[in-house]
Every structure is written in C-alpha cells, then in structure tokens.
Amino acid sequence: MSAAVAAAAAAATMSCNSARSGSSGASRNHQLQKGLLPSPPSPPSPISIPLPLSRYESQKRRDWNTFGQYLRNHRPPLALARCSGAHVLEFLRYLDQFGKTKVHSENCPFFGHPHPPCPCSCPLKQAWGSLDALIGRLRAAFEENGGLPETNPFGARAVRLYLREVRDAQSKARGIAYEKKKRKNPTPQQQQQKLQTAGNGTYQVQQGISNGGYVVPRNALSNEAAVLGVGDVPVFN
C-alpha cells in the first residue's frame, strides 16, 4: 500500500515538473516573438583575406597611379579620355629627369664605350628596357580600367616609334646591342620527352580523381608573367 502511494506521488511530481518546464519554454518563446528577450547571437561570419598581388601586378598598379598623378599635375589638368600618344611621349620625356642610366653624347670620348674608365658629364636618362616594360604595363592597365584597345594611347604608333628610336640611340651611345633572343626549335627528342611528360601528368590526374583525391601533374607549371627589374622609373605615393 505504501509503495503504491509513493509511486503515485513520484508520478505526480514528474508530471508537475514537466508541466512547469513546458510552460516556461512556451513563455520564453512568446517573449522572444514579442522582442522582450534578446535573440541569441549569430555565429561570426568567416573573414575573407585577400590574396597578395604578384610583383608584376603591384608594379602595374603603382605605374598606373603615377601616370594618373602626372595627368592631374599637368597644366592644364588632362583627363584620361583626352590622353593621346603625344601626351604619353611627354610623360616618357618627363621621366628622363629621374633616370639612372648614363647615355653618352656623340661628342663624349666614351661614346659607344660599354665600360667607360672614368665618369663623364653626360646626362642620366631612363633606360630603354625600363621604358619598354613601363609602356607594356600601362597599356594593360588602361584596358583593365575600362579603356578600349583601339583608343589605347600607350599602343599608339608614335609611342612604338619613339621606343625604337630610344633603343637604337642608346645602343649606339652605350655600345650595347639590344637583340631579342631567338627561340630555338626543339629537337625531336625534346618534343618526344615533352609528350611523355604530358601523358604522365594526365594519367596522374585521372588516377587521383578515381581515388577521391587530386594529384598535381608534373607538367602543370604556373604561367606567371615575366617581371623585368626596372629600377629607373619613379613611383609617387
């Protein structure tokens, strides 16, 4: 008799507790809906870290900012839409005052001497290689910033002729021949070796996918743009 009474009392206590918890949960939900209680904090969103720019992209951005500052300082100020090849030539001649390359004049005794034994009074100018690389970066930056290829002032014929004249003049004055390296045709043995390497790389990729992973092929090389060491062109921050 006493055991039955105790069991009945325990059951009544459990039902009372469950009723209290249910009523408290319903009350909390009702308060949340009315805005009386603060909502639980949302999980923090992942922070996206931008990838660092390559050396070429960083230099291209600095060159573009430098040219933009030159247009703003132009008298009168010049808009990019009105910029022509003649203005690009003015910019290149303006950069000569910051040059670090000795270019001998025809009256200099060291004209055509690649390694003069002593210093002379000839002016310092921008090296042809520096200007050529600069124009290439600015030409790409112009189109990346919304410019049309047919109206690109850095690709004007006058700019190409000017760079050619600078190259020939500095070649004679410094006694240095600027010649492009000719690409050698690969031998049949090299071609066969390249095809074998490509075949092995394709097999590795297919095998990696079938096993649930990914294997980088040996012939997957990064085609990163070549960067010339240009130290003459100034950068204005």
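The values are calculated or read from the model by the stated rules, or taken from the named source; none is laboratory data. All of these numbers come straight from a predicted model, not from anything done at the bench. No Cβ is skipped: glycine too gets one built from the backbone with ideal geometry, and neighbour counts run over all protein chains shown. SASA here: full protein model, heavy atoms, side chains in, ligands and nucleic acids out. Shrake-Rupley method; radii C 1.70, N 1.55, O 1.52, S 1.80 Å.
Worth a mention:
- Inter-residue pairs, beta-carbon under 8 Å, first at pLDDT 90 or above and among the aromatic types (F, W, Y) and in segment 112-136, second open to solvent by 30 Å² or more (accessible area, probe 1.4 Å) and not in a helix (DSSP H, G or I), 6+ apart: W128/Y178
- Just one of (1) loosely packed, with under 14 Cβ neighbours inside 10 Å; (2) farther than 22 Å from Q170 by Cβ fails for H115. It is (2).
- Per this entry, L95 is counted among residues that are aliphatic (A, V, I, L, M), open to solvent by less than 40 Å² (accessible area, probe 1.4 Å), closer than 21 Å to L163 by Cβ and touching a Leu at 6+ places or on another chain (Cβ under 8 Å).
- The set of residues in segment 159-171 that are among the hydrophobic types (A, V, I, L, M, F, W, C) and surrounded by 13 or more Cβ atoms within 10 Å (Cβ to Cβ) comprises V159, L163, V166, A169.
- Output for segment 118-139, where each listed residue is among the aliphatic types (A, V, I, L, M) and either surrounded by fewer than 18 Cβ atoms within 10 Å (Cβ to Cβ) or not in a helix (DSSP H, G or I) (or both): L124, A127
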